[in-house]
1. Among (1) part of a loop (DSSP other than H, G, I, E, B); (2) within 13 Å of the chain's Cα centre (by Cα), there is one condition Lys98 misses while meeting the rest; what is its number?
2. Step by step: first the residues of region 97-122, then only those that are small (Gly, Ala, Ser) and within 30 Å of Glu43 (Cα to Cα), then the one that is modelled with the lowest pLDDT. Which residue is that?
3. Can you name every residue in region 1-51 that is in a strand (DSSP E or B), free of Cβ contacts under 8 Å to residues at least 24 places away in the same chain and surrounded by 15 or more Cβ atoms within 10 Å (Cβ to Cβ)?
Amino acid sequence: MSTLYENKTIKIEIETSEVPWLKIFTQTPYQEMSDVPKDIRTEIYDTLDMIEKEMISYYKPKKINIASFGNYVPHVHWHIMARFEEDSFYPEPMWGEKQREATLNLPSFEKFTLKLKDQLNG
């Protein structure tokens with residue numbers, strides 16, 4: 001995983017996958033979302049909203065999946081991924097049972113992340 005963006009409160013990481021997949025972490029390791037100060041929760045939700053809108057506009061996926069898990073990593077974080085009917089797991093979650101062998105032909109992830117970085121730094 002590599003870091004796409006970070007500031008004093010959040011960090012956005014790239015998850016290596018066949019689908020566009022980002023994760024937002026809090027810099028301070030809160031266990032539950034209700035532990036996170038309100039201003040940081042607002043920043044997370046605004047960032048989720050921005051990423052979702054950019055993924056929809058750029059990739060035109062079938063669905064955007066947003067999830068917050070912390071069973072293995074007990075640190076507040078959110079997964080945001082663009083999903084396509086042709087991906088290997090659809091309609092299952094990316095952690096589910098593989099449905100098929102797939103080779104997606106998607107627009108450049110690098111161009112997507114550069115565009116997103118511009119917005120995040122704007």
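1. Going through the list (1) part of a loop (DSSP other than H, G, I, E, B); (2) within 13 Å of the chain's Cα centre (by Cα), Lys98 breaks only (2).
2. Selected residue: Gly122.
3. As a first pass, look at region 1-51 and keep what is in a strand (DSSP E or B): 2-6, 10-14, 21-26.
Among the residues that remain, those that are also free of Cβ contacts under 8 Å to residues at least 24 places away in the same chain are: 2-3, 6, 11, 13.
The answer is Lys11, Glu13.
The values are calculated or read from the model by the stated rules, or taken from the named source; none is laboratory data. Note that the structure is a prediction, hence the values are computed from the model and not measured. Methodologically, a virtual Cβ is constructed for each residue, glycine included, from the backbone with ideal geometry; neighbour enumeration extends over all protein chains shown.
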